[in-house]
Amino acid sequence: MNLPLRARITAWYFAVLVVAFASFAWISDLGFRHSIETTVNDASRANLEGIQRVLAQTAPKGIEEVKEELNELGGTWAGAALLEVSDADGKTIFQSEPFKNPYAPLPPITDSQITFITENLNHLQYRIAMRAFEVNGQTFRTRAAVPTEPFDQALDHFRLILKETLPFLVVLASLAGYWLSGRALAPVNAIIKTARGVGVQNLSNRLAVPPANDELRRLSETLNAMLARIEASVKRLTQFTADASHDLRTPVALIRTSAELALRRPRTEEEYRETLLRILATSEETTHLIENLLTLARADAGAADLHFGDLDLVPHLQKIAQEAGILAAGKGVQVTSELAAGPVRVSADPVAIERLLLIVVENAVKYTPPGGKIALNLSNGAGNARIEIRDTGIGISDKNLPHIFERFYRADQARSRGPGGSGLGLAIARWIVDLHAGSIEAQSTLGHGSLFRITLPIATNR
């Protein structure tokens with residue numbers, strides 16, 4: 001049965017109480033009976049010793065004197081205590097009346113050590129102490145009995161009290177436990193109520209944090225932290241979707257418009273060719289944008305297919321420098337490189353590293369005017385490989401510099417298909433650097449160019 005947590009807690013509490021009170025009742029009853037047994041044994045032993053003292057004093061004076069003293073002794077005992085004395089042959093010297101009517105024959109007395117038995121005498125239960133001893137060469141067998149009825153009545157009364165009160169106490173304590181569990185779970189119910197009210201439209205809502213430094217406070221703080229992460233993720237997803245839709249809408253509209261205009265009336269072969277070339281260029285840009293979007297989507301899903309290995313950066317930088325020279329030649333931009341003399345080895349994926357470098361170099365070529373310069377530098381020191389790409393381009397303002405690695409961020413903030421690009425390249429670059437446990441930073445002065453510095457840890461020797 002699927003019971004609510006409050007009911008389960010109360011049920012467990014009830015079970016624990018039943019076991020605890022039952023154990024208490026059993027231990028108390030055991031202790032009570034042990035206390036009664038000790039008390040009556042001590043009383044009957046003391047009576048037996050009293051008989052021995054009387055016999056020691058009166059035995060030399062004769063049997064009649066013994067009988068008289070024992071009769072007087074029996075009359076002075078409180079609580080209806082009984083005694084019986086016989087000689088070595090078993091002949092009774094003195095016997096209290098109930099000893100004449102035992103429920104069963106009493107065992108013979110042969111031991112000089114005190115022994116105890118519990119028997120019924122004249123329909124009443126007694127604790128009997130028995131012992132044989134000698135006085136002036138004469139053997140006496142003695143019994144001293146103490147009634148257990150008053151103690152049994154007290155024990156029965158005690159058991160009755162337990163029987164009547166313990167179930168009531170268990171039920172009362174269980175009801176109190178049910179109430180207390182409700183009070184204890186009230187913050188949990190408040191958390192549930194608030195959590196149910198949180199949706200995509202109000203992810204900024206947070207749970208109330210209890211003042212006590214307990215598990216509920218930690219639960220609330222953990223859930224609030226989770227909500228903050230979800231809110232941030234949803235905001236990124238919403239922004240990503242909006243930006244992607246915006247950037248995809250423009251090329252799709254351009255392709256459609258170009259096709260519609262070309263079909264409105266007959267055109268020359270050259271006009272059709274220009275239209276198709278424009279559509280092709282736009283399709284290539286759109287394909288590049290979609291590839292970048294898929295790369296970031298795989299990055300968010302943690303599904304990047306990278307193959308790390310021992311990699312020398314020098315030949316890769318040489319390759320990128322050659323490609324940069326080809327890209328910059330059409331703009332009249334000079335590309336130079338200064339690379340380390342020896343191998344600079346890192347643990348990296350070669351395809352990802354080349355993509356990282358090409359993104360930064362393409363940005364440098366794109367934003368460097370004719371006559372400008374781009375310099376690539378590779379150095380090795382302090383356990384890191386350092387790649388620097390410096391240009392004399394238009395630079396980045398201090399306002400925009402902290403945001404250039406954000407997705408879809410462009411310095412001009414215009415969503416055009418002009419030189420601003422899609423705003424995804426540097427976001428991908430930072431993702432690649434992060435996967436390689438490195439860092440990327442930018443320094444720039446508006447109108448005086450930019451410096452991008454990439455740091456990657458050197459591969460450890462195996």
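Calculate, in whole percent, how much of the Cα-Cα pair population of the range 1-74 lies beyond 21 Å.
Result for the distance tail: 61 percent.
On the principal axes of its Cα set, how long, how wide and how thick is the range 125-165? Give whole Å, largest value first.
Reported extents, whole Å, longest axis first: 59, 11, 10.
I need the P(r) histogram for the range 123-198: all alpha carbon pairs, bin width 5 Å from 0 out to the longest distance, whole percents.
3, 11, 9, 9, 7, 7, 7, 6, 6, 6, 5, 5, 4, 4, 3, 3, 2, 1, 1, 1, 0
Among 38, 155, 457, pick out the residue whose Cα is farthest towards the positive end of the charge dipole of the chain, where Lys and Arg carry +1 and Asp and Glu carry -1 on C-beta, about the Cα centre.
It is 457, whose Cα lies furthest towards the positive end.
Work out from phi, with θ = phi - 60° and the Karplus expression 6.51 cos²θ - 1.76 cosθ + 1.60, the ³J(HN,Hα) of each residue of the range 38-45, listed in order in whole Hz, and give x for Gly and Pro.
5, 5, 5, 5, 5, 5, 5, 5
Could you order the peptides 142-148, 20-26 from most to least packed, using the average number of other C-beta atoms within 10 Å per residue?
The peptides rank, most packed first, as 142-148, 20-26.
Explain nothing, just the number: dipole magnitude of the chain about its Cα centre with +1 on each Lys and Arg Cβ and -1 on each Asp and Glu Cβ, in debye rounded to the nearest 20.
That gives the chain a dipole magnitude of about 2480 debye.
Taking every pair of alpha-carbon atoms in the chain, give the share separated by more than 42 Å as a whole percent.
In whole percent, the long-distance tail amounts to 59.
What is the percent carbon and sulfur in the accessible area of the chain, measuring with a 1.4 Å probe over the protein chains and ignoring ligands?
Of the solvent-accessible surface of the chain, carbon and sulfur hold 57 percent.
Within the P(r) computed for the range 66-124, what percentage of the Cα pairs occupies the region above 19 Å?
Within the range 66-124, distances greater than 19 Å cover 36 percent of Cα pairs.
State, as an integer percentage, the relative contact order of the range 312-462 based on alpha-carbon contacts under 8 Å between residues 6 or more apart.
After rounding, I find 25 percent.
Taking all protein chains together and a probe of 1.4 Å, list 316, 123 from the most accessible to the least accessible.
123, 316
How high is the relative contact order of the chain? Use alpha-carbon pairs under 8 Å, at least six apart in sequence, and give a whole percent.
Value for the chain: 10 percent.
Determine by what factor the alpha-carbon radius of gyration of the range 77-162 differs from 2.2 N^0.38 Å, reporting the quotient.
Computed over Cα atoms of the range 77-162, the ratio equals 1.24.
State, to one decimal in nm², a quarter of the convex hull surface area for the C-alpha atoms of the range 146-292, i.e. the direction-averaged projected area.
The orientation-averaged projected area of the Cα hull of the range 146-292 comes to 18.4 nm².
The values are calculated or read from the model by the stated rules, or taken from the named source; none is laboratory data. From a predicted model like this one, the values you see are computed outputs, not experimental measurements. No Cβ is skipped: glycine too gets one built from the backbone with ideal geometry, and neighbour counts run over all protein chains shown. Note: accessible area is taken over every heavy atom of the protein model, side chains too, but ligands, DNA and RNA are not part of it. Shrake-Rupley method; radii C 1.70, N 1.55, O 1.52, S 1.80 Å.
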